[in-house]
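Asks: To start, I am sharing the structure in question, which I have written as structure tokens.
The values are calculated or read from the model by the stated rules, or taken from the named source; none is laboratory data. Since the structure is predicted, the reported quantities are computational estimates derived from the model, not experimental observations. Quick reminder, even Gly has a Cβ in these numbers, built from the backbone with ideal geometry, and neighbours come from all protein chains shown.
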Amino acid sequence: MSADHEFAADWLSLREPADHAARPQALLDPLLAALPDSSPLNVIDLGAGHGSNLRWLAPRLQRTQRWLLIDRDPRLLQAACEQARHDPPARAIEIETLQTDLARTDFSWLSGADLVTASAWFDLVSADWIEHLAKACANARIVALFALSVDGRWQFLDTAGDIDSDRDDEFVRNCFNAHQRRNKGLGDALGAQAAAALPRILAAHGFSVMTRASEWSLPAGESMTRALGRMLLEGWQQAAAEQAPDQAERIRRWRDRRRARLDLGRLGLVVGHVDVLALPAA
């Protein structure tokens with residue numbers, strides 16, 4: 001097993017509780033009202049990873065389902081299936097997997113789908129990729145629910161829940177957000193711009209679009225905040241240093257200051273995300 005795969009699996013498992021807590025309930029009623037009465041409901045999950053989106057959404061769809069999980073990492077797909085067998089959702093579901101590179105797709109696997117969904121995905125792709133997906137979904141009249149697109153906001157909180165500022169927070173955040181727009185294999189990535197681009201592009205293709213905030217809220221002193229915060233700090237520091245290598249030492253010192261307060265239980269985090277529900281035109 002590669003180090004990259006191990007990191008991806010660890011990261012996905014660590015973030016899952018924060019992801020699930022952040023998902024807005026307000027989009028569920030319009031989603032359920034828009035879905036067809038067919039049973040099983042055919043759901044496609046893009047960039048499915050180890051199945052976190054399935055574990056949150058499947059119990060809330062209120063009928064039998066058939067899921068197609070799509071990802072380029074076969075080991076993550078295997079982990080998703082194994083977990084579903086050991087801890088099945090409340091509703092009866094069938095799970096199929098498709099290992100493929102979503103950079104090279106004609107979206108033919110959308111045929112017959114009732115719902116297409118993804119979680120923490122669109123910051124990795126280009127505006128052109130979203131255009132092609134939106135066109136394919138519009139042509140097939142498929143409902144779409146896209147969760148947890150980062151919007152570029154993150155800030156630290158003190159033990160009272162108030163903003164805790166460091167002189168280099170904005171500098172590192174800007175470096176990181178710029179790094180996120182590098183090509184990840186699916187065109188020039190939108191990074192944090194995806195949170196605004198995704199609903200705009202879907203609306204341009206005739207969808208009725210609803211958005212809701214789905215930010216992580218990680219209070220100071222909690223074990224999950226420490227664990228997730230450490231990984232976030234390492235990721236932010238590494239990306240920012242790659243973006244501004246001449247400032248690597250400044251960025252490292254920033255990380256060390258922030259990690260010290262995090263480890264002492266004096267620092268919490270808010271990380272901004274957006275969920276998007278897109279309903280085909282009537």
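Asks: Out of all the residues in region 45-76, which are buried (at least 24 other Cβ atoms within 10 Å of the Cβ), under 18 Å from LEU35 (Cα atoms) and of a type outside the set (A, V, I, L, M, F, W, C)?
Replies: ASP45, ASN53
Asks: Search region 267-282 for residues being over 30 Å from GLY221 (Cβ atoms) and either in contact with a helix residue (DSSP H, G or I) (Cβ under 6 Å, 6 or more places away or on another chain) or among the small types (Gly, Ala, Ser) (or both), and hand back the single one that is modelled with the lowest pLDDT.
Replies: Step by step, filter region 267-282, then rank; the result is ALA282.
Asks: Quick one: would you say THR105 is without any contact (Cβ under 8 Å) to a residue 12 or more places away in the chain, closer than 25 Å to GLY185 by Cβ and not aromatic (Phe, Trp, Tyr)?
Replies: yes
Asks: Separate question: Considering only residues that are part of a strand (DSSP E or B), farther than 30 Å from ALA281 by Cα and modelled with pLDDT of 95 or more, which ones fall in region 166-221?
Replies: TRP216, SER217, LEU218
Asks: Continuing with this model, one more query. For ILE163, which of the numbered conditions (1) modelled with pLDDT under 95; (2) surrounded by fewer than 20 Cβ atoms within 10 Å (Cβ to Cβ) fails to hold?
Replies: (1)
Asks: Let me confirm something: among ALA138, ALA134, ALA113, ALA118, which residue is over 18 Å from GLY47 (Cα atoms) and crowded, with 17+ Cβ neighbours inside 10 Å?
Replies: Exactly one residue qualifies, and that residue is ALA138.
Asks: Kindly indicate which of LEU157, LEU202 is among the aliphatic types (A, V, I, L, M) and within 18 Å of the chain's Cα centre (by Cα).
Replies: So the residue among LEU157, LEU202 that is among the aliphatic types (A, V, I, L, M) and within 18 Å of the chain's Cα centre (by Cα) is LEU202.
Asks: Just to be sure, is ALA160 in contact with a Lys or Arg (Cβ under 8 Å, 6 or more places away or on another chain), among the small types (Gly, Ala, Ser) and closer than 20 Å to VAL270 by Cβ?
Replies: Answer is no for this residue.
Results for (1) out of contact with any helix residue (DSSP H, G or I) (no Cβ under 9 Å at 6 or more places or on another chain); (2) not in a helix (DSSP H, G or I), shown as yes or no for each residue.
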{"residue": "ALA227", "(1), (2)": "no, no"}
{"residue": "MET231", "(1), (2)": "no, no"}
{"residue": "TRP236", "(1), (2)": "no, no"}
{"residue": "ASP246", "(1), (2)": "yes, no"}
{"residue": "ARG255", "(1), (2)": "no, no"}
{"residue": "LEU262", "(1), (2)": "no, no"}
{"residue": "GLY265", "(1), (2)": "no, yes"}
